[in-house]
1. What are the ³J(HN,Hα) values, in whole Hz, obtained from phi via the Karplus relation 6.51 cos²θ - 1.76 cosθ + 1.60 with θ = phi - 60°, for each residue of the stretch 12-21 in sequence order, with x given for Gly and Pro?
2. Given the peptides 299-307, 14-22, 236-244, arrange them by the average over their residues of other C-beta atoms within 10 Å, most packed first.
3. Hey, what's the Kirkwood Rh for the stretch 99-197 if you take every pair of different alpha carbons, in angstrom?
4. Read phi for every residue in the stretch 5-11 and hand back ³J(HN,Hα) as whole Hz from Karplus 6.51 cos²θ - 1.76 cosθ + 1.60, θ = phi - 60°, with x for Gly and Pro.
5. Could you pull out the pairs from 131/202; 120/220; 120/309; 120/202; 246/309; 170/309 whose alpha carbons sit more than 29 Å apart here?
6. Using 1/(1 + (r/R0)^6) with R0 = 41 angstrom and r between the beta carbons of residue 60 and residue 8, what's the FRET efficiency to the nearest 0.05?
7. Kindly work out what percent of the DSSP beta bridges joining two residues of the stretch 87-154 are antiparallel, to the nearest 5.
8. Sequence-distant or interchain residues sharing an amide H contact under 5 Å with residue 222, placed H: which?
Amino acid sequence: MMTYRFENPWALLALLLPVFFFLIRRFRKRRTPALHIATGAFLQGLPKSLRMRCQWMLPAVCCMAWMAMTIALARPQKGHEQIQDRNEGIAIEMLLDRSGSMAAEMDYNGRRQNRLDTVKDVFSQFVLGDKSLELSGRHNDLLGVVAFAHYPYTMCPLTLDHNALSFALKNIELIEGETDENGTAIGDAVAMGVARLAAAEKTLADQNQKDASAYHLQSKVIILLTDGQDEGPHTYSIEEASALAKKHGIRVYSIAILTPKRYANTPFGIMQMPDNQYDTTAIEAMASETGGIFQTCDNAEDLAEIYKKIDTLEKSHIDSVRYVTHHELYRPFLEVAFALVIAAIALKITLCKRL
């Protein structure tokens, strides 16, 4: 629903000034004269000149210019009314591996691009919807993103604003070269995702300005996507993070990106090259223990199929609040005021000039 408002409504009080001056002028005209002199009443029957007929225009134009400037100062704005919708949704935290190994290429829509960009593109389609992949979109879900390598970072807190989520995804970049940032801290990333989801009701309450006790999400989910196994000393092991998720009733969907099978021509025919895959036992066990699923993929189509399965999750009620930025409308009033001032100046030196 379209609504209008003034950012500075107090400025509208200035509209009373022309009325105030008009009343003062009328009051002065009604005062009894101290000295009686001859009048020009005998001239009233004579025809009026064009200059005389236009005398009212100058004060009228000045008054309209004042009103237009006053309205511009009050800053009229157009926007949408705040609306509360009773929606069906769940809380999902996406854990996205951005370690150096995600620079490897994989197939996406008939072309080759690195794994990280492919994962970001397909996840965006999962969130916003894509008919070609038969993804309806998660328009009513509370979504957040944690990117991790050696350390996890919250790239986007749980939110109903999916445009902000898409913007955050674009800012996730690969860890390049041999640095302290490189690594795969799966346990720490899951622990951070659990912490975010455990506070999901409070997040909703803050967004909707209600008490946290008013919300109880029936479904909280972590989608873990990685192409490596837990490496290096971390605060939480995968087993410890899995126990945390289970304690808070959070299901973990583990997705492992594997290197596609490779074949080579040999004197004995086409042979499959030895697999160079990592151990997925830990994340597979985590998915099983928390009630999620474990899947592997090596291309975008397989990844989309996994998201279709996640699309069938049970849903809970979420009260969402949508905000629309108000658009400023003061500029037309300011332009009209400027034009009226020019018109008043022109009248002052032409038709309304005092002789």
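Values quoted throughout were computed directly from the atomic coordinates according to the rules given, and no laboratory measurement underlies them. All values reported here derive from a predicted model rather than from experimental measurement. Virtual Cβ from ideal backbone geometry, glycine too; neighbours counted across all protein chains shown.
1. 5, 4, 5, 5, 7, 4, x, 5, 4, 5
2. Listed from highest to lowest mean packing, they are 236-244, 299-307, 14-22.
3. Numbers: mean 1/r = 0.0689 Å⁻¹.
For the stretch 99-197, inverting the mean 1/r across all distinct Cα pairs yields 14.5 Å.
4. Karplus-based 3J(HN,Hα) across the stretch 5-11 equals 7, 10, 5, 10, x, 4, 5 Hz.
5. Correct reply: 131/202.
6. Numbers: r = 26 Å, r/R0 = 0.63.
Once rounded, the FRET efficiency stands at 0.95.
7. Working: 8 of 15 bridges.
Expressed as a percentage, antiparallel bridges in the stretch 87-154 total about 55.
8. Amide H to amide H, under 5 Å and 5 or more residues apart or across chains, residue 222 pairs with 93, 251, 252, 253.
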